[in-house]
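Working notes, structure below.
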Amino acid sequence: MSALNIPESNLKRVVVIGGGFGGLKILNQISSKYYQVVLIDKNNYHNFQPLLYQVATSGLEPDSIAYPLRKILWKKSEFYFRNTKALKIDSENKRLVTEAGPINYDFLIIATGSKTNYFGNKVIEEKSMALKSVTDALNLRSLILENCEASLLTSDLEERERLMNYVVVGGGPTGVELSGALAELKKHVLPKDYPDLDLRRMNVHLVEATDTLLGTMDPKAGEKAKEYLTKMGVNVWLNTKVENFDGSTVKTNNKELPSKTLVWAAGVSGNLIDGLDSKSIERGRVLVDQYNRVEGYDEIYCIGDVCLMKSDENPNGDPMVAQTAIQQGGLLAKNLNSLAKGKEMTPFSYSDKGSMATIGRNKAVAEVGKFFFDGILAWLVWMFVHLMALVGFRNRVVALINWTQNYITYDKGIRLIIRPFKNREKD
Ligand SMILES: Cc1cc2nc3c(=O)[nH]c(=O)nc-3n(C[C@H](O)[C@H](O)[C@H](O)COP(=O)(O)OP(=O)(O)OC[C@H]3O[C@@H](n4cnc5c(N)ncnc54)[C@H](O)[C@@H]3O)c2cc1C
C-alpha cells in the first residue's frame, strides 16, 4: 500500500483532482486496461452547478443536483476515490500533496474548476453571498427564509425593507436565473407563507456593469431576458458597478440600494493548486497546449474551467462552461488511452453546442448555432437538456417530479430552516 492507502499496481497511475464535469468524463472514458485511476475530491459528491439557483430558491433539494462520487465508481476495477483536498503539486518528485498525505502519480490531471472572483474586494467577499457550491446554495436558501421571518419580527420599516430586498450582481446566466427565481418566489410562494407581510415592499435588483445581460450570448438573448425580468418586477440596472457593501446598503457608481443580502455572481477565476511555475499561470488559470498539457510539464494535464487554452484565433480560450470541461475530459481520456497504445494524440477543438438561460415559468432564451429562440419552446428545451444532463436516474426523476409539482401548484415545496445561515461558515 502506498500513501492514501492506494494499492501499488503495475499499471501507470493517473491522479485526477476534481470530480466535476471534466473529471467525471475522464473517469468514464479512460481505460483501466492501461491505468490505475485515483480521483481526489474535497467533496464526496459531484455538484451540478447549473441548478444551484433552484436549491437556493427552494425549487429543488440538494440531493437532486448532487451525486455521490463513489456510486459513479461502482463496479469499476482499478479506480479509487479519496475524499480529501489537494494542496500542492511537487512536480520534481511526481507527487501530489493532499490534506491526508502525499500520493505519487505518473500522470496528474487538474480538474478543479473555478471559484468566485471578487476582483480583490475583501469587504464584498466577506459580506456577500456566493452561489458556487451546494453549501452556498443552502446558506442562501436559509437566509432568504430567515429574512422573511425577521421582517415580520421588526417594526422598523427601513430595516424591514433592507431585509426584504435582494441585490444580485452579475448579469450572466447565474444572475439572470437567480433574479427570475426570486421574483417568482415573491409573486407565487411567499404571499402564501407570509400573508401578513407586505411583499410589495420586496425588491429584487439585478446589477450589471456592462450595457447588456447575458453578454456571451446573441444580443437578442440579453434584450429578451431584460424584457422578461422587467415584466416580472425585477429592477435591472445596466452600466452599474457595485463598489461597496456595508451589510445594509449596496453602493454602486450611480445609486445606493438598501439591502442586507448581496449575491455575488459577477465572475469566476481558476481554482488553482499550488506548486506550478508562475509562467504556467495566466489570468488566474493554468495555461495548456492543445492536448490540455500544462505548459512546461510533460506529465501534468489540466481541463475545464481552471485551464486556459489560447490560440491565435481564440486568445481568450474557450468558454468556462460545462461543455468545455466535458469535451476536454473526454478527449484527454482518449488521448491518454492512445498514448498507452503508442498512438498519436488528437488536438482539442471546442464544438459549440449552444447556450441557454431560463428566466422563469415558460420564459427562457436559447441560442443553437445560428438560431435564436425564446419563450415556452426555449424553456422546454432548457428543462429537457438540464434534466438529461443531471447525473443519475434518481436525480432526474426527483427533479422532474419537483418541477411538475411546482408548475401545477405554483408552489415550491422546500422551505425549512434546518440549517440557519447565521453563525455558519461560508464555503
Ligand atoms: C451557479 C452556476 C451556474 C452555472 N450554469 C451553467 C450552465 O447553465 N451551463 C453551463 O454549461 N455551465 C454552467 N456553469 C458553469 C459550469 O458549472 C462549469 O463550467 C463547470 O462546472 C466546469 O467543470 P469543471 O470540471 O472544470 O469543474 P467543476 O465542475 O467545478 O468541478 C471541480 C471539482 O473539483 C473539486 N475541487 C476543487 N478544488 C479542489 C481541491 N483543492 N482538492 C480536491 N478537490 C477539489 C470540487 O469539489 C469539484 O468537484 C454554471 C456555474 C455556476 C457556478
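Only Cα pairs under 8 Å and 6+ residues apart enter the sum, and on that basis the relative contact order of region 282-350 stands at 28 percent.
Length gained on full extension, residue 12 to residue 121: 34.9 nm, using 0.36 nm per residue less the C-alpha separation.
Below 8 Å between Cα atoms, with a sequence gap of 6+, how large is the relative contact order for the chain in percent? Before the final figure, lay out each step's value.
Details: 865 pairs, mean separation 84.0, N = 427.
Worked out over the chain, it gives 20 percent.
Taking amide H positions as modeled 1.01 Å from N, with prolines and chain starts lacking one, the residues under 5 Å from residue 282 and 5 or more places away or on another chain are 287.
3J(HN,Hα) along region 290-296: 6, 9, 6, 8, 5, 4, x Hz, from the Karplus curve 6.51 cos²θ - 1.76 cosθ + 1.60 with θ = phi - 60°, whole Hz, x for Gly and Pro. Exposure proxy for 407, 80, 301: other Cβ atoms within 10 Å of each Cβ, ordered fewest to most, give 407, 80, 301.
What share of the DSSP beta bridges in the chain is antiparallel, in percent to the nearest 5? So the antiparallel bridges amount to about 50 percent of the total. The mean sequence distance of close C-alpha pairs (under 8 Å, at least 6 residues apart), as a share of the length of region 123-264, puts its relative contact order at 31 percent. In summary, the lysines within cross-link reach of residue 412, defined as a Cα separation below 19 angstrom excluding same-chain residues under 8 places away, comprise 186, 187, 192, 363. In plain terms, the residue of 161, 313, 243 with the fewest other Cβ atoms within 10 Å comes first and the most crowded comes last, giving 313, 243, 161.
Using a ≥ b ≥ c from the Cα gyration tensor of the chain (square roots of the eigenvalues), is it rounded, prolate or oblate, where a/c under 1.5 gives rounded and otherwise the larger of a/b and b/c decides, a/b for prolate?
Working: a/c = 1.82, a/b = 1.76, b/c = 1.04.
Prolate.
Amide H contacts of residue 87: 97, 98, 99, each under 5 Å away and 5 or more positions distant or on a separate chain (H built 1.01 Å from N in the peptide plane; Pro and chain starts excluded). Which shape class applies to region 11-132: rounded if a/c is under 1.5, otherwise prolate when a/b exceeds b/c and oblate if not, where a ≥ b ≥ c are the square roots of the Cα gyration tensor eigenvalues? Oblate.
If you take the Cα centroid of region 320-399 and the Cα centroid of region 5-65, the two points sit 17 Å apart. Between the C-alpha center of region 99-147 and that of region 296-317 there is a gap of 22 Å. State which helices in the chain qualify, where a helix is a whole DSSP H run, it must extend 18 Å or more along its own axis by its Cα atoms, and its mean Kyte-Doolittle hydropathy must be at least 0.5. Passing helices, by number: 134-153, 376-389.
Rule-based calculations on the coordinates, nothing more; no lab input. Bear in mind that the values here come from a model prediction, so they are computed numbers and not experimental data. With ideal geometry, Cβ positions are generated from the backbone for all residues, glycine too; neighbour counts draw on all protein chains shown.
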